[in-house]
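Just so it is clear, none of the values below were taken in a lab; they were calculated from the coordinates. Note that the coordinates shown come from a computational prediction; the quantities given were computed from them, not determined experimentally. All Cβ positions, even for glycine, are placed from backbone atoms using ideal geometry, and neighbour counts span all protein chains on display.
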Amino acid sequence: MPKPVIAAVNGSAAGIGMSLALSCDLMVMSDAAFLLSPFTTISLVPDCGLNWLLVSQLGYRRAFQLSIESERIDAGRCVELGLANRAVPAEELQATALEWATALSKRAPLSIAATKKAMRLAADSDWASVYNLEAELQQSLAGSADNVEGVQAFFEKRPADFKG
């Protein structure tokens, strides 16, 4: 999916819920929310891609520890670990997520999609592959109507009107 996906977590995201939340591009959590990988308490293995997600986002040792100890990871700790981007009071969660989505919707959609594509590749590829994709994406964006509009808006000190 080329558009950014924001997870807004209010409460527990355990098991497959944790997998789904970590699959999103961005995450905001209420201060009452937590992530939990409870599989070792029920004699199962993390699933729905959770092993890959945790190892790629935290590194092996930290991912393994959180999983085998079935640690309940509160929102503040999720932000510290880089699993979530923001933690906010529960009553502000929905408004924060919507404000964030609205702000992102004003950015160049083709650029956002290309950046997401490159960064997703960077998560598990070598430098040269990512560099080559960046060059390809940059070539396709340079001179596009949105690129011209963005540069013109910058010099005119006004918000850009991207068409995507």
**OP:** For Asp31, list long-range residues whose amide hydrogen, built 1.01 Å from N in the peptide plane, is under 5 Å from its own amide hydrogen.
**Re:** Val88, Ala90
Subject >> Computed [θ] at 222 nm, helices only, for the chain once each DSSP H run of length n ≥ 4 contributes -39500 (n - 2.57) >> reply: -16000 deg cm²/dmol
Subject >> Inverse mean reciprocal Cα-Cα distance (Kirkwood Rh) of region 102-161, Å >> reply: 12.6
Original post:
Over the Cα atoms of region 1-88, how large are the radius of gyration and the largest Cα-Cα distance (Dmax), in Å?
Top reply: 11.9, 36
Original post:
Under the Karplus relation 6.51 cos²θ - 1.76 cosθ + 1.60, θ = phi - 60°, what is the ordered set of whole-Hz ³J(HN,Hα) values for region 17-32, x standing for Gly and Pro?
Top reply: x, 5, 4, 5, 4, 6, 6, 6, 6, 9, 9, 10, 10, 6, 5, 9
Original post:
Setting aside same-chain residues fewer than 8 positions from Lys157, which lysines have a Cα under 24 Å from its Cα?
Top reply: Lys106
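Round to the nearest 0.05 the FRET efficiency obtained for Arg107 and Asn85 when R0 = 22 Å and r is the Cβ-Cβ distance.
Once the sixth-power term is evaluated, E becomes 0.90.
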Original post:
Going by how many other beta carbons lie within 10 Å of each one, how would you line up Arg158, Arg72, fewest first?
Top reply: Arg158, Arg72
**OP:** With unit charges on the beta carbon (Lys/Arg positive, Asp/Glu negative), name the residue among Ala142, Val55, Val88 whose Cα is farthest towards the positive pole of the charge dipole of the chain.
**Re:** Ala142
Original post:
Of Ala108, Ala75, Ala33, which has the largest mean-square fluctuation in a 10 Å C-alpha GNM of the chain?
Top reply: Ala108
Original post:
Could you state the number of Å between the C-alpha centres of region 84-147 and region 26-51?
Top reply: 25
**OP:** Identify which of Ile73, Ile42, Ile112 has the largest mean-square fluctuation in a Gaussian network model of the chain, with springs joining Cα atoms closer than 10 Å.
**Re:** Ile42
Subject >> Fluctuation leader among Val79, Val88, Val151 - the chain, Gaussian network, Cα springs under 10 angstrom >> reply: Val151
Original post:
In nanometres, what is the gap between the two model label sites at Glu136 and Ser70, each 7 Å from Cα along Cα-to-Cβ?
Top reply: 4.4
Subject >> Relative contact order computed over the chain (Cα-Cα under 8 Å; 6+ residues apart), in percent >> reply: 23
Original post:
What is the log10 of I(q)/I(0) for the chain, computed with the Debye formula using one identical point scatterer on each Cα and no solvent, at q = 0.14, 0.15, 0.16, 0.19 Å⁻¹?
Top reply: -0.83, -0.91, -0.99, -1.17
Original post:
Based only on Cα atoms, what Rg/Rh ratio does region 50-90 have, Rh being taken as Kirkwood's radius?
Top reply: 0.99
Original post:
If you plug each phi of region 102-107 into the Karplus form 6.51 cos²θ - 1.76 cosθ + 1.60 with θ = phi - 60°, what whole-Hz ³J(HN,Hα) values come out, in order, with x for Gly and Pro?
Top reply: 5, 4, 5, 5, 8, 7
